[in-house]
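A.B. asks: What follows is a structure written as structure tokens; I'll ask about it next.
The values are calculated or read from the model by the stated rules, or taken from the named source; none is laboratory data. Note that the structure is predicted; figures quoted are calculated from it, not measured. So basically every Cβ, Gly included, is an ideal-geometry build from the backbone, and we count neighbours across all protein chains shown. Just so you know, the surface numbers come from the protein's heavy atoms only, side chains and all, with ligands and any DNA or RNA stripped out. Shrake-Rupley method; radii C 1.70, N 1.55, O 1.52, S 1.80 Å.
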Amino acid sequence: QVRLVESGGGLVQAGGSLRLSCAASGRTFSNNLRGWFRQAPGKEREFVAAINWSTYYADSVKGRFTISRDNAKNTVYLQMNSLKPEDTAVYYCAASLFGASNTYYVTTLYNYWGQGTQVTVSS
């Protein structure tokens, strides 16, 4: 079975940094879209960042977050800097069977999801 496991979440003060990791097993995703989404209580899951041979970011995180991948480890990362209280959410990593799409920001494009990791940013 394909498994995606997020790690690296936690509690941080506003202005701080966290680095999330998402390790995949059961399948190689070196040629596939990988993404990060987040969901706050009472809100829908929203796009954060995605990567294939390029990178894509939500406007709300552009300039603060960086997505990267290590194909040798089948792992994708999300470096989060200058964190704000509004970044508080459960963060989910995702992997797609597609290598590219104009709708990389849509949840239904992704076939596999991790269990999520909590990120809490205090004021």
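A.B. asks: Loop only by DSSP, 12 or fewer other Cβ within 10 Å of the Cβ. Give me the trypsin sites (Lys or Arg not before Pro) in region 14-123 that pass, ordered by residue number.
C.D. replies: Lys43, Lys62, Lys73
A.B. asks: May I pose another question? Using a 1.4 Å probe, how large is the accessible area of Thr107, given in Å² and rounded to the nearest 10?
C.D. replies: Rounded to the nearest 10, that gives 50 Å².
A.B. asks: Sticking with this structure for a sec: With every protein chain present, what is the per residue accessible area of the chain (1.4 Å probe, Å²)?
C.D. replies: 51 Å²
A.B. asks: Run the accessible area of the chain with a 1.4 Å probe and give the carbon-and-sulfur part as a rounded percent.
C.D. replies: Solvent-exposed carbon and sulfur of the chain make up 47 percent of the total.
A.B. asks: Starting from the Cα gyration tensor of region 57-103, take the square roots of the eigenvalues, sort them a ≥ b ≥ c, and report rounded, prolate or oblate (rounded when a/c is under 1.5, otherwise prolate if a/b is larger than b/c, else oblate).
C.D. replies: prolate
A.B. asks: Let me ask something else about it. How big is the gap, in Å, between the Cα center of region 2-29 and the Cα center of region 49-84?
C.D. replies: Each part reduced to its Cα centre gives a spacing of 11 Å.
A.B. asks: Once fully extended, how much extra length lies between Ala14 and Asn31, figured as 0.36 nm per residue of separation less the alpha-carbon to alpha-carbon distance?
C.D. replies: 2.6 nm
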